[in-house]
1. Name the single residue that is nearest to residue A:167 (Cα to Cα) among those in segment B:125-156 being β-branched (Val, Ile, Thr) and in contact with a Leu (Cβ under 8 Å, 6 or more places away or on another chain).
2. Say we look at segment B:286-309 and pick out the residues that are surrounded by fewer than 22 Cβ atoms within 10 Å (Cβ to Cβ) and more than 16 Å from residue B:269 (Cβ to Cβ); which of these is nearest to the other protein chains (Cβ to nearest Cβ)?
3. Being surrounded by fewer than 24 Cβ atoms within 10 Å (Cβ to Cβ), more than 14 Å from chain A (Cβ to nearest Cβ), touching a His at 6+ places or on another chain (Cβ under 9 Å) and in contact (Cβ under 8 Å) with a residue 24 or more places away in the chain is the requirement here; does residue B:214 meet it?
4. I need a count of the residues in segment A:718-736 that are outside any helix (DSSP H, G or I), at pLDDT below 80 and either hydrophobic (A, V, I, L, M, F, W, C) or under 24 Å from residue A:668 (Cα atoms) (or both).
5. Suppose the filter is surrounded by fewer than 22 Cβ atoms within 10 Å (Cβ to Cβ) and at pLDDT 80 or above; does residue A:518 pass it?
6. Being of a type in the set (Ser, Thr, Tyr) and surrounded by fewer than 20 Cβ atoms within 10 Å (Cβ to Cβ), is that true of even one residue in segment A:749-757?
7. If you scan segment B:83-124, which residues turn out to be in contact with a helix residue (DSSP H, G or I) (Cβ under 7 Å, 6 or more places away or on another chain) and basic (Lys, Arg)?
Amino acid sequence: MRSAARRLVDATYAAGAAVVRSRLFRKYAVLFVAVVCSALIANSLVELWFSYQDYKTLLVRTQREQAAAAAEKIGQFIEGVKNEIGWMTQVPWSKYSRDEQYLDALRLLRQVPAIIEVVQLDPAGHEYLRVSRLVMDVDGSGLDLSRDPRFTEALAHKVYYGPAYFRRDSEPYMTIALVGALRDSGVSVVEVNLKLIWDVISKIKVGKRGYAYVVDSAGRLIAHPDIDLVLRNTNLSHLAQVQAAMARVSIGLGEQVQVAKDPQGQEVLTAYAPIAPLGWSVFIDLPTEEAYAPLHASVLRSGVVLLAGLALAVFAGLFLARRMVVPIQVLCKGATRIGSGDFEQRMSIKTGDELEVLGEQFNRMAAHLQDSYANLERKVEERTHQLEAANLSKSRFIAAASHDLRQPLQALGLFVAQLRGRVNARERQGIVERVGTAVGEMNELFNALLDISKLDAGVVAPNFAEFPISRLLQRLETTFTGAAYEQGLRLRVVSSDAWVRSDKILLERILLNVVSNAIRYTADGGVIVGCRRRGGRLRIEVWDSGPGIPEDQRHKIFDEFYQIAKPERNQAGAIGLGLAIVDRLCRLLDHPIELTSFLGKGSRFTIIVPIAAPQFLNEASIPRQGAIDAVTGKTVVVVDDAALVLEGMSGLLRKWGFRVLAAQSCKQALAQLAEGGERPDLVVSDYHLPDGETGIEVIDRMRDAFGMPIPAFLVSGDTSPERLREAHAKGYYLLHKPVSPMRLRAVLNQVLNDHSEQRIEKDDDSYSIAQLSGISPSSPFAQP
Amino acid sequence: MKRRDFIKVLCGASVAFPLTVRAQPPAIPTLGYLHAGSADRNSSLVAAFRQGLSETGYVEGRNIAIEYSWAEDQYDRLSALAAYLVRSNVALIAATGTSAVLAARKATSTLPIVFNFASDPVELGLVASLSQPGRNITGITSSSAELAPKQLELLHRLVAPASKFALLVNPTNFTLAEFISRDLHVAARRLEVQLDVMPASSERELNEAFANIAKFRTSGLVIGADSFLDGRIEQIAALTFRQEVPAIYQFREFAAAGGLMSYGTVHTDPYRQSGIYAGKILGGANPGDLPVQQPARFNLVVNLKTARAFGLEVPRALLVRADEVIE
C-alpha cells in the first residue's frame, strides 16, 4: 500500500516536475549560456574588426610597395637598354668609322637580346647604318630622318622613348633614341621587343595567384605573365583601375589601391605605380579571394574557436544548471513524498552548500513527522485496546449481570410452579415470602445496574458543598443500628465536628454502601465508623471485625459482581455491586479510598475527604430522633392507572401503617378525599396517566386544592433523563419502577422528614438522591 | 529513427558511389598529330611537343591519346592522313610543317588546328591576324622562311667575295619552297650574287643535288626550311662538310654536326610551344583567341673548325655577332 502510494507520488511528481524541471533548468541554462556567449561573441567581433582593419592596412601597404618595386624593375629594364645604347654614343662622329659603328651595333645586339634593330643616324639626321636581327643589314641608305621625332626628340631631350607599337599588330615594340654626350655624336635609334619584358614581369611574384602587368599611356597591355594577352594586342583602357591610373599618372599621382576587375573579369585588389619616363603604369593585381584568404582563415579560426567556446559555454551552462536544479528537484520530490505521507523519505544532497543544509532540515522534519505519526498510531492502538478491553469488560459485566438475574428468576419460576400446585396456606405464605425476597433481589440488582450505568455514562454531576460530617455520621447510625442489632453486631459511630467539602448525598451513598458491606460480611464482633484529621483531609474510616480480604483479592473487590466466597453464610441479598459503585463514586468525587485488611481479623475502608472551614452551627446539625415512627396514621394518596401496581402499593403502604387512598386519576383521588373530608399527608403518583395527565400535574393540583405544599414523589417506568430533569425542576423525587419496598420506605421517610425540616433548612439535595435511585442500604428494609 | 535514416543514407551512398564511378571513365580525348616526316627522325621534336602538352596538364596515355600520322616524307599522303584524322573524330589536329598544316586546313574548317611551321600564316590566309587568328586555327611560326634572306646575308659576309650561291629546297613542300626561293632571289639581287635552286625531295635527289653543288663549284649553300630536310640535318651537315660547301641552316644542330653556321631559333622551341597551345585548346581555350606566336630570339652559331677546314677566315663582325662559336 505504501509502495502504491509512492508510485502515485512519483507519477504526480513526474507530471509536475517535468514542467518545473524544464522551467528552472531552462532558465538557469539559458541565462548562463546567454551571458557567456554574448561576452564571447562580443569579444570575437571586436577582435575580428581590429584584425580586419590591421590586415587591410597591411595589405594596402604591401600592394603599394610591390607596385613601386615592379615599376622600379621595369624602369631598370628600360634604363638598362638605354645604358647599353650609351656605349655607342661615346665616340665623336667624325672619328667613328663605319666598321666600328657596325661592330658596336652588333655588340649591342648581342648584349641586349630585346633589341631587334639598331639604326645609326649621323648628326644631320640621315640614316647611316641599319643592323637588324630579322632582315638584311643596310649600309648608308642616307634616309633623311632629321624631322623625325626619333631624331628631334632625342636631340632635344638627350633621350627619346617612343610610344609602344605593335609589330605586325601583335608584338609590342618601342623605339629608344639616344643622342651622344658629345656635340656631333649622332643618334642611335633602337627598336626594342617589349615581349622580353616578360622575363621581368613573370618573375614578379604577387602572392600565389597575383601578378603584375604593364600598360602604356594609351591603356594597351605591354607586359603580362600571360604573353598571349600581350600578343593579342589587348587594350585595357576600359578597366576602371587603368582609367584611374591614366588620369592620375598624367597629373603625376599614383599608388592607389582599389578593388576592381582584372582583364579576365576576376575581382582583384589592385595597386599601380607609374614608370616615370615612359608614361606607363605597372599594376599589381591580387585576387581578392586570395588577398583576403588569410583574413578569411583567421575569421574561420576565430569562428571555430568561438564555436568551441560557445559549445563549452553551453556545456558548462547545462552542467551548472543541472548542478543547481538537480538538488532542488531532489528537494521538490522529497517534499512531495513527505507531503503525501511517506515519512520514510530521506534526501541525499551532497552539494556542500545551503541546499545540502536545506535537505538535512527536510530530513529532520520528516524524522519528526515520522516519530509523531508513529506515536499517534501507538496511542490510537492503545486506545483501541482500551476500548476493546472496556467492551470486553462490558460484555463480561452484562454476562455476570444476566447470570445474577437468572438466579432469582429461576427461583421465581420454581415458586410459581409450587403455587400452581396444591399448597396449604402456611406453605403458600412461605412461598410468597420467598417470592418477595427474589423480587427484592432483582429490584435491587436492577437499581444497582442502573446506578453503575449512570455513573459510567457520566450523567451524574457531583454537587459540592461544605457541610458538617456529623449529621451524615448520625444518619449512618440511624440507618444501620437496627440491622446491626438483628445480626448481633455492635455498631459504633464516633461523631466528629469536622466540616468537609463534598457532595453530601453521594458521600452518604459511599458510606452507606461501605458500612452495609461491613455489616453484611461481619459474622460477629462489630463495625466502627470514625474520622481522623490528617493534613487538611478527613479520613473517614469504617472498621469491621470480619474475615478480612485476602491479599490477592484486594484489588478485585471493587470489580462488578465480585464477591468473596463466604460458604458459611447465605448470600441472598448480596449482589456484588456495592463496592463497584463506591469505587466509581470515589473516583467521581476525587475521594481516594484505601483498604487495609488483616486476614481473619478484619478490614478497614478509609475514604479521604477534603476538610472545609466550619461555617455556622444551626438546628439542622442537631440530630433528631424518632422520624421513623412518624408515618403511622398518615394519609397517603396513591395515583396510578395500572390497577395491579395500585393494589400492590396500596397494600404495602397499609401494611406499614399508612391510611391509603388509591385512585386511578387525580379527579378520582380528589373525589375520594372530598368524600372523606380528609387532607393528604403524602401524594405518590405515577408519571404517565390517562388522558395525557402527568404525575407532576397531579401533585400540583393536589397542592393547589389544599393550598399547601403536600409532600409528594413520583413513580415511573420511564427512565429517560427528561423525566428526571422535569421532576428535579419541580423538586420532586422520581422513583423508577419496579420500586423495591425497602427503597419505597426509605424515600417515604426521606420525604416526610424533609418536609418536617423545611421550616428550619432549605434542602437542595433532592436532585442527587433522585438520580441515584438504586443506591440504598440493603439490609434493614429488605424485609418488610 | 534518426539512426535508421542515417543507415539508409549510408547504404544509398555506398550503392550509388561505385555506380557513378563506373559510369564515369571519361573517354580520354584523342589528339591527331600530323607530320610530313617519319617517327624515327623526329622523336626528340615530338618529345618537345609532349613536353609542352604536359606543361598544360595533358600526359599521353593518362588523359590524352595521340594518334600519330606520319607521311614518311611522302607529302602527297598528307591530305589523306588529315582526312583520316578528321574522320577519326580527334579533338584537335596538331600539324607540323607547312604542307601538313595546309592539308589539315583543307580537311577541316571546324576542328581546332595547332600549326607549327616556318611560314607566315597571314600571308597563307590561315589567320586573320597574328594577334587575333579568328577561326579554328592558330599556332607557332618559326619565321624561318622570313629569315632566309638574313641567312644568305650572313653566309655572304663569311664567304665574300664569292658570289655563286645555291638554295636547297624540297619542291614537294611546294608553298614553302616558293616563298623561300622568291624571297631569296630578291636578297641575291640585292647582294648582287648568283643563286641556283637545288630541289631535293628524296634521298636520291638529295645526293644528286650535292653532286650538282660540287659540279657547279657553289661558293655557298642556303638550306631552306622543310620537314624532309629537317629530318636529315646531320646527314646534310656531313654532305656539306665532305664537299667543303659553306652552308647555313636554321638550326644549331647543323653547325654542331659539322655544318658551317646556323641562324634561327632553337629547333625544339616551336614544338614545345605548339604542345602548350594544343593543351590550352584541349583545356577549353578558343583557338581563334590564341595569338600566333613568333620566336623572339635568333641565335647565330659559327663552326670555326669547319671554317678552318674550308680555309675560310671568319670576319670579326661575324664573331662579334655570333651567339656561339664552335671551335
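1. Ranking the candidates gives B:138 first.
2. B:289
3. Details: surrounded by fewer than 24 Cβ atoms within 10 Å (Cβ to Cβ): yes; more than 14 Å from chain A (Cβ to nearest Cβ): yes; touching a His at 6+ places or on another chain (Cβ under 9 Å): no; in contact (Cβ under 8 Å) with a residue 24 or more places away in the chain: yes.
No, not satisfied.
4. So the count comes out to 1.
5. When the stated conditions are applied, residue A:518 does not pass them.
6. Within segment A:749-757, one or more residues are of a type in the set (Ser, Thr, Tyr) and surrounded by fewer than 20 Cβ atoms within 10 Å (Cβ to Cβ).
7. Listed by number, the list holds a single entry, B:106.
Conditions tested, residue by residue: (1) within 28 Å of residue A:198 (Cβ to Cβ); (2) away from chain B (no Cβ under 14 Å); (3) in contact (Cβ under 8 Å) with a residue 40 or more places away in the chain; (4) crowded, with 20+ Cβ neighbours inside 10 Å.
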{"position": "A:81", "(1), (2), (3), (4)": "yes, yes, yes, yes"}
{"position": "A:86", "(1), (2), (3), (4)": "yes, yes, yes, no"}
{"position": "A:91", "(1), (2), (3), (4)": "no, yes, yes, no"}
{"position": "A:101", "(1), (2), (3), (4)": "no, no, no, yes"}
{"position": "A:107", "(1), (2), (3), (4)": "yes, no, no, no"}
{"position": "A:123", "(1), (2), (3), (4)": "no, yes, yes, yes"}
{"position": "A:129", "(1), (2), (3), (4)": "no, no, no, yes"}
{"position": "A:139", "(1), (2), (3), (4)": "no, no, yes, no"}
{"position": "A:142", "(1), (2), (3), (4)": "no, yes, no, no"}
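The values are calculated or read from the model by the stated rules, or taken from the named source; none is laboratory data. Because the structure is a prediction, the values reported are computed rather than measured. So basically every Cβ, Gly included, is an ideal-geometry build from the backbone, and we count neighbours across all protein chains shown.
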